[in-house]
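Data block below; observations after.
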Amino acid sequence: MDLEKESNERISSTSSPIGGSRKGAITITGAGIIGLNCAYYLHKQGYEVTVIERGDITTGCSFGNMGYFSPSHFIPLASPGIIAEGLRYMLKSSSPFYIKPRLSRGLIEWGIQFWKSSNAATVAKQAPHLNNILQYSRQLLNDIKVDIGNTFSMEEKGCLMMCKGQKALDHEFHLADDAEKFGLKTKRLNKDEVQALEPDVELNVTGAVLFKDDCHVNPGQLMIALKKYLEKKGVVFKMNTSVIGFEKIGNEVSAVVTDKGKVECDEVIIAAGSWLPIVAKMLGLKILLQPGKGYSYTYDNVQKNIKYPAILIEGRCAMTPWANQLRIGGTMEISGINETILPKRMKGIYDSVKNFYPGLQIDAPPENKIWSGLRPVTPDGLPYIGRSSSYENVVIAGGHAMVGVSLAPGTGKLVTDIIERKKPDIDINAFRVERF
Ligand SMILES: Cc1cc2nc3c(=O)[nH]c(=O)nc-3n(C[C@H](O)[C@H](O)[C@H](O)COP(=O)(O)OP(=O)(O)OC[C@H]3O[C@@H](n4cnc5c(N)ncnc54)[C@H](O)[C@@H]3O)c2cc1C
C-alpha cells in the first residue's frame with residue numbers, strides 16, 4: 001500500500017474537515033522529534049492528530065544527531081565566555097563555534113538578545129528551568145520505552161565529560177557540584193579511572209565526569225519507532241507536504257493551508273524546528289531564532305569501539321557508540337538556513353576525537369557522507385513552549401537548540417497540557433513565546 005498516496009488523498013483540494021468525532025482535531029507542522037512527541041501525547045489524550053511534514057522524517061535536525069538525553073546540559077548555550085569564544089574562532093575554518101557575519105535584521109536582533117543572555121546572572125536564572133524540563137523529559141522517556149518498546153538502542157550508562165587539561169577538568173568538577181545540587185548523580189574520574197571504563201581504546205585525557213542520569217538512544221531509530229507506533233494508532237502523517245499558509249476566522253486559525261490542499265483544525269501546533277520563524281511569519285508572528293548547523297558522521301563497523309558516549313570538552317564535539325557503530329559530531333555554525341557542508345569543520349571534529357582517543361582506529365570521514373542538521377537556537381538557550389497571545393488556538397513548540405531530543409518528551413507532554421488547558425507539571429513561564 002502506498003501510505004504517502006493514501007495520506008495525501010485525505011487532503012482535499014478545497015476543504016476536508018477532520019475534526020469532530022473525538023476531542024478535537026490538532027494539526028502539527030513538522031515531524032521532527034518535537035512534532036512526533038507532541039503527536040504522541042496528544043493522541044494519548046484522545047485528540048485526532050495530523051502531522052504535516054515538508055520532507056520525510058529524515059529531513060530535519062532530529063535524525064542524525066548524537067542521540068543524548070542529557071539532564072547534564074542544564075547550562076544554556078548563551079553563557080559567559082561564549083561571545084569571546086565565537087569571536088576568537090570566527091576566522092578559523094575548522095573551529096567548533098562560528099557566527100557568520102551577515103546583514104540580516106533577524107540575526108542582529110537575535111545576536112543582541114544572545115549577547116544580553118550570555119552572563120552569569122541570566123544563566124543562574126535559566127539553569128533551574130532547563131534542569132526542570134530536562135529531568136522531566138528524562139523520566140518521561142522511561143515511560144515511552146515501556147510503552148512502545150526499546151527498538152531505538154536506548155542505553156542508560158550515563159555520559160562522560162572528557163577533559164584534556166586540568167583547567168577544563170576543574171570547571172567540570174565545579175559543574176558536577178552544581179549538578180548534584182539539582183539532584184543529579186555524578187562521578188569524578190581521574191585519568192586511570194576513565195581509562196578503566198574504556199579498556200579497548202587508548203585515551204589521552206586528564207580526567208572526566210560521568211553524568212550518570214544521562215542516557216543515549218539512536219535518534220533515527222527513535223523517530224522511526226515513534227512514527228510507526230503513531231501511524232498504527234491512527235495519527236495521520238502527510239509527508240512531502242509543505243505548510244504554506246493558514247486560514248483564519250477572527251483570532252482563530254480554522255485551517256492549515258498546504259501545497260496539497262488545506263486541513264481544517266481546532267488547534268495548531270507549530271514545531272517546524274529552524275523554520276519556525278518562517279512558518280510563524282505566515283501567521284504574522286515574530287520569533288527570534290537562528291539555525292545552528294552541526295555535523296555528524298557514523299562509522300558502521302568499529303572493531304574496538306568505545307563503550308561510553310562522551311563529550312570532548314575542549315574539542316566541543318561528541319561521540320556516541322551503539323555496539324559496533326560510532327557517531328562523531330559537533331560544531332555550531334550560525335550561518336542562516338543553508339545546507340552547505342564545510343568539510344574542514346568535520347575534519348576539526350575528527351582531529352579532536354583522535355586527540356582525545358589516540359587509540360581509536362577510525363579514518364577521517366569521507367566528505368560526501370557527512371550529515372548536517374540545523375539546530376533551532378533561541379537567544380537565551382531556552383525553548384519556546386506556549387500559546388501565542390495573538391491567537392486562541394496556536395501553540396508554538398520549538399527552539400530547543402542543542403537539547404531538542406532531550407527535551408522532546410517533556411515538550412510533547414507540556415504542549416498537551418497547554419492544549420487541554422491543564423496546569424502543567426512544571427513551571428513553563430520561562431519558555432513563553434513572547435519573551436523577547
Ligand atoms: C550535530 C548535532 C548533534 C545533536 N545532538 C543532540 C543530542 O545528542 N541530544 C539532544 O537533545 N539534541 C541534540 N541535537 C539537537 C537536536 O537535534 C535538535 O534540537 C532537535 O532535533 C530539534 O527538533 P525539532 O523537531 O524542533 O526540529 P527538526 O528536527 O528540524 O524538525 C522540524 C521539521 O519541520 C519541518 N518543516 C519545516 N517547515 C515546514 C513547513 N513549512 N511545512 C511542513 N514541514 C515543515 C522540517 O522539514 C523538519 O522535519 C543535536 C543537533 C546537531 C546538529
Handout entry: Selection within region 173-198 - aromatic (F, W, Y) and touching a strand residue (DSSP E or B) at 6+ places or on another chain (Cβ under 7 Å)
Key = F173
Completion exercise
For strands (runs of 3 or more DSSP E) lying entirely in region 234-299, having 1 or more residues that are among the acidic types (D, E) picks out 243-249, 252-258, 261-264, 267-270
Problem - Looking only at region 263-289, and only at residues there that are more than 13 Å from the ligand (Cβ to nearest atom) and not small (G, A, S), the one that is farthest from K212 (Cα to Cα) - result: E264
Completion exercise
Within region 146-192, the count of residues that are in a helix (DSSP H, G or I), open to solvent by less than 60 Å² (accessible area, probe 1.4 Å) and among the β-branched types (V, I, T) comes to 1
Practice task
State yes or no: is I385 within 20 Å of the chain's Cα centre (by Cα), over 20 Å from G32 (Cβ atoms), within 13 Å of the ligand (Cβ to nearest atom) and not acidic (D, E)?
Solution key: no
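With the structure loaded, tell me whether E252 is open to solvent by 10 Å² or more (accessible area, probe 1.4 Å), touching a strand residue (DSSP E or B) at 6+ places or on another chain (Cβ under 6 Å) and among the acidic types (D, E) or whether it fails that test. Before the answer, list the steps.
Values: open to solvent by 10 Å² or more (accessible area, probe 1.4 Å): yes; touching a strand residue (DSSP E or B) at 6+ places or on another chain (Cβ under 6 Å): no; among the acidic types (D, E): yes.
Judged against the criteria, E252 is not a match.
Residue-wise test of (1) more than 30 Å from K347 (Cα to Cα); (2) out of contact with any Cys (no Cβ under 8 Å at 6 or more places or on another chain).
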| residue | (1), (2) |
| --- | --- |
| M239 | yes, yes |
| E247 | yes, yes |
| V253 | yes, no |
| V256 | yes, no |
| K262 | yes, yes |
| I269 | yes, no |
| L285 | yes, yes |
| C317 | no, yes |
Problem - Within region 144-170, tally of residues that are without any contact (Cβ under 8 Å) to a residue 24 or more places away in the chain and under 21 Å from the mean Cα position of the chain (by Cα) - result: 2
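Being out of contact with any helix residue (DSSP H, G or I) (no Cβ under 8 Å at 6 or more places or on another chain), open to solvent by 60 Å² or more (accessible area, probe 1.4 Å) and modelled with pLDDT of 95 or more: is that true of E198 here?
Working: out of contact with any helix residue (DSSP H, G or I) (no Cβ under 8 Å at 6 or more places or on another chain): yes; open to solvent by 60 Å² or more (accessible area, probe 1.4 Å): no; modelled with pLDDT of 95 or more: yes.
No, not satisfied.
Taking region 310-321 as the search range and keeping residues that are assigned to a loop (DSSP other than H, G, I, E, B) and in contact with a Ser or Thr (Cβ under 9 Å, 6 or more places away or on another chain), which one is nearest to G399 (Cα to Cα)?
Keep residues of region 310-321 that are assigned to a loop (DSSP other than H, G, I, E, B), which gives 313-316.
Okay, now just the ones that are also in contact with a Ser or Thr (Cβ under 9 Å, 6 or more places away or on another chain), so 314-316.
Numbers: E314: 25, G315: 24, R316: 20 Å.
Per the stated criteria, the residue is R316.
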Handout entry: When residues of region 14-60 are limited to those that are within 15 Å of the ligand (Cβ to nearest atom) and modelled with pLDDT under 95, the one farthest from the chain's Cα centre (by Cα)
Key = D56
Practice task
Could you tell me whether any residue of region 125-139 is out of contact with any Leu (no Cβ under 9 Å at 6 or more places or on another chain), closer than 19 Å to V217 by Cβ and part of a helix (DSSP H, G or I)?
Solution key: yes
Fill in the blank from the handout: Restricting attention to region 237-252, the residues that are near the ligand (Cβ under 9 Å from one of its atoms) and free of Cβ contacts under 8 Å to residues at least 40 places away in the same chain number exactly 1
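Do you know which residues across region 109-149 are of a type in the set (A, V, I, L, M) and at pLDDT 95 or above?
Filtering region 109-149 down to residues of a type in the set (A, V, I, L, M) leaves 112, 120-121, 123-124, 127, 130, 133-134, 140-141, 144, 146, 148.
Within region 109-149, L130, I133, L134, L140, L141, I144, V146, I148 meet the criteria.
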Problem - region 327-375 - residue that is under 19 Å from the mean Cα position of the chain (by Cα), open to solvent by 10 Å² or more (accessible area, probe 1.4 Å) and more than 25 Å from L288 (Cβ to Cβ) and, of those, farthest from the ligand (Cβ to nearest atom) - result: I370
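Scan region 211-233 for residues that are part of a helix (DSSP H, G or I) and surrounded by 23 or more Cβ atoms within 10 Å (Cβ to Cβ) and jot them down.
The first filter runs over region 211-233 and keeps only residues part of a helix (DSSP H, G or I), leaving 219-232.
Matches in region 211-233: P219, L222, M223, L226.
The values are calculated or read from the model by the stated rules, or taken from the named source; none is laboratory data. Source: prediction; values computed, not measured. All Cβ positions, glycine included, derive from the backbone under ideal geometry; neighbour counts span all protein chains shown. The area values use the complete protein model at the heavy-atom level, side chains included, leaving out ligands, DNA and RNA. Shrake-Rupley method; radii C 1.70, N 1.55, O 1.52, S 1.80 Å.
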